[in-house]
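Undergrad: Input: one structure, supplied below.
None of the figures in this text is laboratory data; all of them are computed from the coordinates on show. Computed from a predicted model, the values in this text were never measured in an experiment. Neighbour counts run over all protein chains shown; Cβ positions are idealised from the backbone, glycine included.
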Amino acid sequence: MDAAHTASTAPILILLGPPGAGKGTQARVLEQKFGLVQLSTGDLLRAAVIAGTDAGKAAKAVMEAGDLVSDAIVINILRDRLAEPDCAKGVILDGFPRTTVQAEALDALLSETGQRINAAISLEVDDREMVTRISGRFTCAGCGEGYHDSFKPTTRAGICDTCGGADMTRRADDNAETVGQRLDAYHAQTAPLISYYARKNALKNVDAMGDIARISKDLAALVAHATA
Ligand code: ADP
Ligand code: ADP
Ligand code: ZN
């Protein structure tokens, strides 16, 4: 990482939570409200798959099966993205870290530039809700805004509220069979990070069941406090 590009006081926030918890939805709200940059390793990996890079080629089948992509690939992608100048505003990590190895790599990366994690926020949700949330998810290909068939529909069918685009996409891994595997991966490899950040006194919990706007409000209060 290029120290000249990243101010040591820039906020670093982590959103933890299982697939479908609302990390992407809430990261976009926080990005706007606090002028931060959302870094989604899922989005970066999907872009690598489309671009056909070596990392993308290695990740494609793993993602379709609902397993985690190797730490080495994900850490490389994240390190490169963090070094871009816009990240100097501060970042919201959405979907990273997902393993203890990734969390340790992030700590090492941040310590190189004297940065620290302001908060690791765990979005608390029931597993039962996840399949419903993921099955109804779709995204605007133009601007990346996320929607849900029942919980966050577009105002006009098929038209993005944010950019007016009409190209909506659904992820290949957002199907009932793969969701089970992704939840298993979450519990086995990612959930231990909750105690990892608790030990570092960086953990905050948010009840992420219920109304999207209410959760955004709770998160905003927490982030305002953690970045003050
Ligand atoms: P993640 O990034 O954690 O996988 P998303 O933010 O993509 O999750 O949310 C998954 C799906 O659930 C999306 O379709 C989104 O519109 C919807 N969603 C997000 N938060 C809520 C909520 N609090 N209640 C109902 N649906 C939600
Ligand atoms: P969700 O929050 O709905 O699980 P993401 O877009 O964050 O979706 O991730 C989609 C897929 O990309 C994951 O199932 C996994 O295969 C891969 N992936 C994303 N981030 C990571 C990561 N930090 N480590 C390993 N694999 C990742
Ligand atoms: Zn759009």
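Undergrad: Kindly put Ile215, Ile50 in sequence by how many other C-beta atoms sit within 10 Å of each C-beta, fewest to most.
TA: Ile50, Ile215
Undergrad: Can you sort Met168, Met63, Met209 from fewest to most other Cβ atoms within 10 Å of each residue's own Cβ?
TA: With the sparsest Cβ surroundings first, the list reads Met209, Met168, Met63.
Undergrad: List the lysines whose alpha-carbon lies under 28 Å from that of Lys57, not counting same-chain residues fewer than 8 positions away?
TA: Here the lysines satisfying the reach criterion relative to Lys57 are Lys23.
Undergrad: Could you list, in their original order, any pairs among Lys33/Lys60; Lys152/Lys204; Lys33/Lys89; Lys89/Lys200; Lys33/Lys217; Lys60/Lys152 whose Cα atoms are separated by more than 22 Å?
TA: Long pairs (Cα-Cα over 22 Å): Lys33/Lys60; Lys152/Lys204; Lys89/Lys200; Lys60/Lys152.
Undergrad: Please give the contour-minus-distance gain from Asn175 to Ser135: 0.36 nm per residue of separation, less the Cα-Cα distance, rounded to one decimal in nm. Show your work: numbers first, answer last.
TA: Numbers: separation 40, 0.36 × 40 = 14.40 nm, distance 0.61 nm.
13.8 nm is the gain from fully extending Asn175 to Ser135.
Undergrad: Which value, in debye to the nearest 20, describes the size of the charge dipole of the range 1-114 about its Cα centre when Lys and Arg Cβ atoms bear +1, Asp and Glu Cβ atoms bear -1, and nothing else is charged? Mind showing how you got there, number by number?
TA: Values: 10 positive and 14 negative charges, 73 e Å.
The dipole magnitude comes to about 340 debye.
Undergrad: Determine the sum of side-chain charges near Ala176: Lys and Arg each +1, Asp and Glu each -1, restricted to other residues whose C-beta is under 15 angstrom from that of Ala176.
TA: Net local charge, Ala176 excluded: -2.
Undergrad: Shifting gears a bit: Need one number: % antiparallel among DSSP beta bridges in the range 107-228, to the nearest 5.
TA: 60 percent
Undergrad: Now for a different question. Pick out, from Ile212, Thr178, Ile77, the residue whose Cα sits farthest towards the positive end of the charge dipole of the chain, with +1 on the Cβ of Lys and Arg and -1 on the Cβ of Asp and Glu.
TA: Ile212
Undergrad: Multiplying the sequence separation of His225 and Gln32 by 0.36 nm and subtracting their Cα-Cα distance, what value in nm do you get?
TA: Full extension of this stretch gives 67.8 nm more.
Undergrad: Still on this model: Order these by the 10 Å Cβ neighbour count, fewest first: His187, His148. Display every interim value, and only then the final one.
TA: Values: His187 11, His148 19.
With the fewest neighbours first, His187, His148 line up as His187, His148.
Undergrad: Tell me the mean residue ellipticity at 222 nm calculated for the chain from its helices only (DSSP H runs of n ≥ 4, each -39500 (n - 2.57), averaged over every residue, nearest 500).
TA: Roughly -13500 deg cm²/dmol at 222 nm, from the helical runs in the chain.
Undergrad: Which distance in nm do the two modelled labels at Ala47 and Ser195 give, with both placed 7 Å along the Cα-to-Cβ direction?
TA: About 3.6 nm, to one decimal.
Undergrad: Once you charge only the Cβ atoms, +1 for Lys and Arg and -1 for Asp and Glu, what is the size of the charge dipole of the chain about its Cα centre, to the nearest 20 debye?
TA: Dipole of the chain, to the nearest 20 debye: 360 debye.
Undergrad: Moving on to the next point. Go through the cysteines of the chain and tell me which have no other cysteine Cβ under 4.7 Å away.
TA: Cys87 - these cysteines have no disulfide-compatible partner (Cβ-Cβ under 4.7 Å) in the chain.
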